[in-house]
Amino acid sequence: MRIRIQNDYKSFFTNSYKTIRLSDATPLTPELTDVAINNRCLANCSYCYTNALKSGTNFSNIVEKAEEIWGNLSLNDREFQIAIGGAGEPTLHPDFIPFIKKVRELEIIPNYTTNGMHLTDEILKATEQYCGGVALSWHPHISKTFQSAINQLSTINTKLNIHIIVGESEQSFIDLMTLYQQYKNIVDYFVILPYQSFGRGK
């Protein structure tokens, strides 16, 4: 358990990855930060809100940057958790495993969002060892990949969420209900993201 006390702000981050706040004050530093380690993705979703491309890049020196950014902060000033994704498919990065290992060594819990296309035995093992949770994105055009990925991720000891973008079509709402009925007993959270005209979204 981590305890954060900053002036009038007090919180506890439990071993089950829950934050308990004991005041209404605002923390001086964030408890959770979104982190991008690349802007590359091979899924080619027509509605990608970040416009991640096959020709995108994996950012350089991410392990060293983690040490530089968080290692120079006191433990009290470090985030409790980070969410990796938001600009590309993180598991495509060749330093993905060393990065999540380094983040965990810095006593920050890494979590990530994936389309499931690049899960390997090594990534699954590292996920179970270092991560608090994984969000698996639903994309109809790679539904077979999704099925394989959810089967793999449901066998390891980590929290599992499903992300689904709704609103592009009526079918997206049907997909949401189908996914909920099919996976409600193995998924911790279903995260509904609204379709927006950002990136490649029209």
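The values are calculated or read from the model by the stated rules, or taken from the named source; none is laboratory data. Please read all numbers here as calculations on a predicted model, not as lab measurements. With ideal geometry, Cβ positions are generated from the backbone for all residues, glycine too; neighbour counts draw on all protein chains shown. Note: accessible area is taken over every heavy atom of the protein model, side chains too, but ligands, DNA and RNA are not part of it. Shrake-Rupley method; radii C 1.70, N 1.55, O 1.52, S 1.80 Å.
A 1.4 Å probe over all protein chains sorts L136, L193 by accessible area into L193, L136, starting with the largest. Surface calculation, 1.4 Å probe, protein heavy atoms: D8 sits at approximately 120 Å² accessible.
Annotation: the antiparallel percentage among DSSP beta bridges lying fully within the chain is about 25. Identify, among N58, S172, L75, the residue whose Cα sits farthest towards the positive end of the charge dipole of the chain, taking +1 on the Cβ of Lys and Arg and -1 on the Cβ of Asp and Glu, with the dipole about the Cα centre. Farthest along the dipole direction, towards plus: S172.
Only one residue of I5, P27, N115 has its Cα farthest out toward the positive end of the dipole of the chain, where Lys and Arg carry +1 and Asp and Glu -1 on Cβ, and that residue is N115.
Taking a straight Cα-Cα cut-off under 16 Å and skipping sequence neighbours fewer than 8 places away in the same chain, the aspartates and glutamates within cross-link reach of K18 are E31, E79, E107, D188.
Structural descriptor for region 1-97: relative contact order 32 percent, calculated from alpha carbon pairs under 8 angstrom and at least 6 residues apart.
Here the relative contact order of the chain, from alpha carbon pairs under 8 Å that lie six or more residues apart, stands at 18 percent. In this structure the amide hydrogen of T50, modeled in the peptide plane, comes within under 5 Å of the amide hydrogens of R200, none closer than 5 places in sequence on its chain.
Under Stokes-Einstein, with the Kirkwood radius over Cα pairs standing in for Rh, what whole-number D in µm²/s applies to region 152-194 at 20 °C and 1.002 mPa s? In µm²/s, the coefficient rounds to 194. In loop segments of region 8-76 as defined by DSSP, the trypsin sites (Lys or Arg not before Pro) with at most 10 further C-beta atoms inside 10 Å of their C-beta are K18, K54.
Probe radius 1.4 Å, ligands and nucleic acids ignored: give me the carbon and sulfur share of the accessible area of region 43-202 as a rounded percent. Solvent-exposed carbon and sulfur of region 43-202 make up 51 percent of the total.
Heavy-atom accessible area for S169, with the other protein chains in place and a 1.4 Å probe, reaches approximately 50 Å². Measuring nothing but how far apart in sequence close Cα pairs (under 8 Å, 6+ apart) lie, relative to its length, region 96-202 scores a relative contact order of 22 percent. Note that the chain presents 54 Å² accessible area per residue, ligands and nucleic acids not counted, probe 1.4 Å. Rounded to the nearest 20 debye, the dipole size of region 36-133 about its Cα centre is 280 debye, using +1 on the Cβ of Lys and Arg and -1 on the Cβ of Asp and Glu. In a reduced charge model with +1 at each Lys and Arg Cβ and -1 at each Asp and Glu Cβ, region 1-56 shows a dipole moment near 200 debye about its Cα centre. Does region 17-82 come out rounded, prolate or oblate, given a ≥ b ≥ c as the square roots of the eigenvalues of its C-alpha gyration tensor, rounded meaning a/c under 1.5 and, failing that, prolate meaning a/b above b/c? It comes out oblate by the Cα gyration axes. The C-alpha radius of gyration of the chain, expressed as a fraction of 2.2 N^0.38 Å, stands at 1.06.
Grab the DSSP H runs of the chain that are 4 residues or longer, score each as -39,500 (n - 2.57), total them, divide by all residues and round the 222 nm result to the nearest 500 deg cm²/dmol. After summing the helix terms and dividing by the residues of the chain, the value is -8000 deg cm²/dmol.
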